[in-house]
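Notes follow the structure.
Rule-based calculations on the coordinates, nothing more; no lab input. Remember, predicted model here, so these are calculated numbers, not experimental data. Backbone-built Cβ (ideal geometry, glycine too); neighbour counts: all protein chains shown.
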Amino acid sequence: MTSKMTFIGFGEAAMAFATPGARGYDLKLDDPATRTAKLADFAAHGAQACNDAAEALAGARVIFSLVTADQAYPAARDNAAQLEPAALWLDMNSVAPDTKRAAAMAIEPHADYVDVAVMAPVHPARLNVPLLVSGPHAERGAGALAQAGFGNIRIVDGGVGAASAIKMIRSVMIKGTEALSAECALAAEAAGVRQEVIASLDAGWPADWERRLDYNLDRMMVHGLRRAAEMEEVVKTLDGLGVGTSMTRGTIERQRAIGALRAHPPEGLLAKLAVLLPLTRQEKAA
């Protein structure tokens, strides 16, 4: 088994994990409008950009699938027949357990599938980000991840979907808290009571709320659209469990609304609110 990394998808996570000598393919390479920037991403990380998935997968023994949530299953389905026998498809995408199981069914006639859940932001941890691994090939997958340089890997009991279930259900709280905190901060600023609200939160639930609200808004401004797509997968997870999704659907709406503003996050909570509040009001008025 080689430790050389092969990526299908080369976005933020892949770039955080890539080591010099890696290779891969990303759909943005097919679009003239995005190809130059994506080639620059590969070059900046010492990675080889392949012209198509077939070129990236040729001879690959360990493949890291890191695409957008809506492409997780198509990436497995469309590339399965090109995999080397006994290759490992490490599905690290943030999708529902049923999506992972569908991807596994596509991969398994051709190669070995591993459910991998990335349990924290990839920056600044990079290869030390916590990973959960599950499925019948979990031990082999964990070994491949360790050989590739990952240092925080844990195998969890259960088949394909077990790791992703933990990730998805955890996101109900993590991404939901982000959305709630954004709504709280925007309302407090609009009412002119931001400092009083933060002081009250700190008194009743000590957590340095000025910093937390600032961080949460930063994440939503940069990643809100991607988080909304992930939360769509969370809805699928919860629907499958039959537990209801009203709060999570609200999270999707708020994450998507802030992400869709495409506003660059300035430094500091007050500066972020100064940018977001007028844009949010304009969006509502429209």
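Structure notes:
- Net charge over other residues, Cβ less than 15 angstrom from the Cβ of Glu210 (K, R count +1; D, E count -1): -3
- Here, the chain has an Rg and a Dmax of 20.1, 63 Å when only alpha carbons are counted.
- Which of Asp91, Asp157, Asp30 has the fewest Cβ neighbours within 10 Å, and the rest in rising order: Asp157, Asp30, Asp91
- Diffusion constant of the range 1-156 at 4 °C, which comes from Stokes-Einstein with the Kirkwood Cα-pair radius and 1.567 mPa s, µm²/s: 85 µm²/s
- Packing-based order for 142-152, 61-71, using average beta carbon neighbours within 10 Å, highest first: 61-71, 142-152
- Whole-number percent relative contact order across the range 164-285, with pairs defined as alpha carbons under 8 Å at least 6 apart: 33 percent
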